[in-house]
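None of the figures in this text is laboratory data; all of them are computed from the coordinates on show. It should be emphasised that the depicted structure is a prediction, and the values quoted were computed from it without experimental measurement. Cβ sites come from the backbone with ideal geometry, for glycine too, and all protein chains shown count toward neighbours.
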């Protein structure tokens, strides 16, 4: 239900209650969701007006939710992701053991599927809708990168997808981001519940024998006759071919980070070639030594570095895409030299997490 009203002001000095009802609604129409939430918490009269007219006031936000998430089943994953990101932000810089200890209540709630409950009357729940709105820009950004990497027609925007298509994309993105926040740390995987959570998040979540995807979604966009391997062909008339909405998040994030690493490699080789031309051989500085180590990496080390970056999720991807070329080069070199084990006899050491990283990608399911 909608949020309670802590510390609300008495009706006697609630000036909002003296306004005509029509004016109350007009004022609330002009407010953002955050402003509306603050107002309804502070003013009993505003709260009563909101309760009476919330279907009208929030209609556009509910439509935006369906356009980008497809179905209310996404709310459980969305709330879990918001909780995990808030927690990981507070735990930044903490050891892996400390993160595992603090995550214990979240682990328990997931093992017993307690987080799967959706708030009642979610369409009128302002905190939920605020979380929905806050993530839409990120969701669309990831969708655009995925669309470009798949060479899809430019006008295939997320808001033009059917609800089933939007759900398939949003569910895979949210599930992957939850997995990253739960299982990965700068020092490697949080192993305490690795096996359980790795298996839980590798496929669409289930309650008992039922997935959290409602059965009434599929007929909206899918022909009754299954015509291809994915079971997806859209019956609405469009100016572009049908799209297989299979957002294989681990695979795509790894490829996106691999592209970043290759770009840094090309940049450093060009710069290094200019810097060393006609230069006497002198002792290398620490920074130069780290660059050389990065440029001499083996393919197996590339693979680990890609996974290490990808399993930190879209927050890191956004950060790296916003850096200047020099700052990006510095970040990748520093991450590589601090993450990879020292080599013996010029042979790479396989990171102990590499097998688990590959298992996640190989066993990820989108349907």
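Quick one: give the max-minus-min coordinate of the C-alpha atoms of the stretch 119-178 along each principal axis, largest first, in Å.
39, 23, 18
Among 121-130, 27-36, 304-313, what's the highest-first ranking by average C-beta atoms within 10 angstrom per residue?
My ranking of the peptides, most packed first, is 304-313, 121-130, 27-36.
Sorted from largest down, what three extents in whole angstroms do the Cα atoms of the stretch 23-92 have along their principal axes?
The Cα atoms of the stretch 23-92 stretch 44, 29, 17 Å along the principal axes, largest first.
With contacts defined as alpha carbon pairs under 8 Å and 6 or more residues apart, what's the relative contact order of the stretch 12-57 in percent?
So the answer I get is 46 percent.
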